[in-house]
1. Residues in the stretch 27-43: is at least one without any contact (Cβ under 8 Å) to a residue 24 or more places away in the chain, surrounded by 14 or more Cβ atoms within 10 Å (Cβ to Cβ) and not aliphatic (A, V, I, L, M)?
2. Would you mention how many residues in the stretch 50-105 are of a type in the set (S, T, N, Q) and part of a helix (DSSP H, G or I)?
3. How many of the residues in the stretch 70-103 are surrounded by fewer than 20 Cβ atoms within 10 Å (Cβ to Cβ) and either within 21 Å of Glu15 (Cβ to Cβ) or touching a Cys at 6+ places or on another chain (Cβ under 9 Å) (or both)?
4. Among the residues of the stretch 106-153, write down those that are among the aliphatic types (A, V, I, L, M), in a helix (DSSP H, G or I) and touching a residue at least 60 places away in the same chain (Cβ under 8 Å).
5. Of all residues being among the charged types (D, E, K, R) and touching a residue at least 24 places away in the same chain (Cβ under 8 Å) in the stretch 1-26, which is farthest from Asn62 (Cα to Cα)? Just the residue, please.
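Only the coordinates and a few stated rules stand behind these numbers; no lab work does. Please read all numbers here as calculations on a predicted model, not as lab measurements. Cβ placement follows ideal geometry from the backbone for every residue including glycine, while neighbour counts extend to all protein chains displayed.
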Amino acid sequence: MILSVTVGCDQISKEIVREKVADFQTITVIKDHFTIEKVENTGAFLSMGDSASGAMRIIFLNVIPLLLILASLVYILVKVNLNRTTLLAIILMIGGGLGNIYDRIAHGSVTDFLYINLGGVFHTGIFNVADMCITAGISIILLQSWFKKKPEVVKEVPAE
């Protein structure tokens, strides 16, 4: 259910932007802090791999992400004792990955359109719903790791 909602929201939002927003058109949503700007990204995150050509491009942008998605699917199917939070995180990452891979294969690029700018404090690159899902999944895993209780070490007292 979560996987289909993730991919569905990503693909529907990208389709709306493809149909309604011109390339590089900027639509202000909240002053200059949140805008929509359609960009077709032919690379990966922050356009990495954009200049790669031939086999390297296919391997870097399609084959490796597909293998990671398949490995993640196998992991959640085989690992029976995953807690719900970890499962949610992995499903979000899979859904985001599938959304962006689909775009690369079907459209030759990934449609990015969201931009956040909080002045000198924080600003993003242009991203999409799939990127948000991937980032949320990674963040959940990192937070879980950070707050995971470490096993208590019991010191043995030497026998006298």
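1. The answer is yes; a qualifying residue exists.
2. The first filter runs over the stretch 50-105 and keeps only residues of a type in the set (S, T, N, Q), leaving 51, 53, 62, 72, 81, 83, 85-86, 100.
Filter again for part of a helix (DSSP H, G or I), leaving 62, 72, 85-86, 100.
Number satisfying all stated conditions: 5.
3. So the count comes out to 2.
4. Of everything in the stretch 106-153, those that are among the aliphatic types (A, V, I, L, M), in a helix (DSSP H, G or I) and touching a residue at least 60 places away in the same chain (Cβ under 8 Å) turn out to be Val129, Ala130.
5. First, pick out the residues of the stretch 1-26 that are among the charged types (D, E, K, R): 10, 14-15, 18-20, 23.
If we keep only those that are touching a residue at least 24 places away in the same chain (Cβ under 8 Å) too, we end up with 10, 14, 18.
Numbers: Asp10: 18, Lys14: 19, Arg18: 22 Å.
Across the stretch 1-26, the extreme among qualifying residues is Arg18.
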